[in-house]
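Reviewing the structure listed below.
Every number here is computed from the coordinates shown, using simple stated rules; none is lab data. Note that this is a predicted model, so its numbers are computed, not measured. Cβ atoms come from the backbone with ideal geometry, glycine included; neighbour counts cover every protein chain shown.
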Amino acid sequence: MTSTEAHLRLSPKKIDPSKTEAHLRLTPKENDIVGIALRVKISIFLIRDDARSTIVRATCGISKSSCIQLIKQLTGKSPIAGQLPTDNDWIIKSPTNCLHASAYFRIYKTIIDSYKGHEDDFNSSSFKAFRPLAYLSAYNMYKNITGYNLTGSKPHLNINRAYLITTLIRSGEIVSVSCAKCDRFYVTLHGYPPMFRFCPVCDSRQDAKGRFRWNNLATKPSKTG
Ligand SMILES: [Zn+2]
């Protein structure tokens, strides 16, 4: 073997099958190049919004190693470990939580409802990216409406919490109800007793530190929306 050949030869250490990103190759079944490109693009936006790797993978259907690679490239750090939000009742824990969850709910539902009548297309390859795109779009609109995009401050509803809320909306565990007093819509948990449903506008007060708290008053039964 000449010295040139020796230089060109890859040593065993340089060939690591787990790092060749073979999973990114299109298999015979993976012929939706545009769909794949879109899902990778959405993954990048989600990671920039601090979405956890589990959520990026679940949302966009990319492999674990691809996701870790993307996170390292974009943030220069390894994925954050730890538990994801799992407390479904976060939305009713405070008027502020309820208000922000309600805003996100309305935006997400409006996007999803705009595609009513095209449900059959959701199974086609061209629509595989629709749901992750709806989640990302709804979250961006939420940040715009609440002003977080302008101020650059940390959103009250973070993107990982928004993912949990999205799954609860889809499963029907979060519903929208209208306030009997002001007629505004707000979110609550499905099956939650009407007498314990509180409007974040009418049934809240500010404490001495400026934080919004629920009044200890039962409201009139709300109408399910
Ligand atoms: Zn109200």
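Overview of values
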{"quantity": "Prolate/oblate/rounded call for the range 88-224, Cα gyration tensor, a/c under 1.5 rounded", "calculated": "oblate"}
{"quantity": "Segment ARG170-ASN140, length gained on full extension (0.36 nm per residue, minus Cα span)", "calculated": "8.9 nm"}
{"quantity": "Residue order, fewest to most surrounding Cβ atoms within 10 angstrom, among CYS60, CYS182", "calculated": "CYS182, CYS60"}
{"quantity": "Coil-residue trypsin sites (Lys or Arg not before Pro) of the range 158-200, DSSP, other Cβ within 10 Å capped at 15", "calculated": "LYS181, ARG184"}
{"quantity": "Cross-link pairs LYS41/LYS72; LYS41/LYS64; LYS64/LYS116; LYS93/LYS154; LYS154/LYS181 - those with Cα-Cα distance over 22 Å", "calculated": "LYS64/LYS116; LYS154/LYS181"}
{"quantity": "Normalised contact order of the range 88-224, rounded percent, pairs of Cα under 8 Å and 6 or more residues apart", "calculated": "29 percent"}
{"quantity": "LEU74, LEU46, LEU99 arranged by Cβ crowding within 10 Å, fewest neighbours leading", "calculated": "LEU74, LEU99, LEU46"}
{"quantity": "Placed amide H near SER204: partners under 5 Å, 5+ positions off or other chain", "calculated": "ASN215"}
{"quantity": "Residues MET195, MET141, sorted so that the one with the fewest Cβ neighbours within 10 Å comes first", "calculated": "MET195, MET141"}
{"quantity": "Förster radius 35 Å - calculated FRET efficiency between LEU150 and GLN69 (Cβ-Cβ, nearest 0.05)", "calculated": "0.65"}
{"quantity": "Gain on full stretching of the segment that runs from LYS41 to VAL201 - 0.36 nm per residue minus C-alpha separation", "calculated": "53.8 nm"}
{"quantity": "Protection proxy ranking, peptides 209-215, 198-204, average beta carbon neighbours within 10 Å, highest first", "calculated": "198-204, 209-215"}
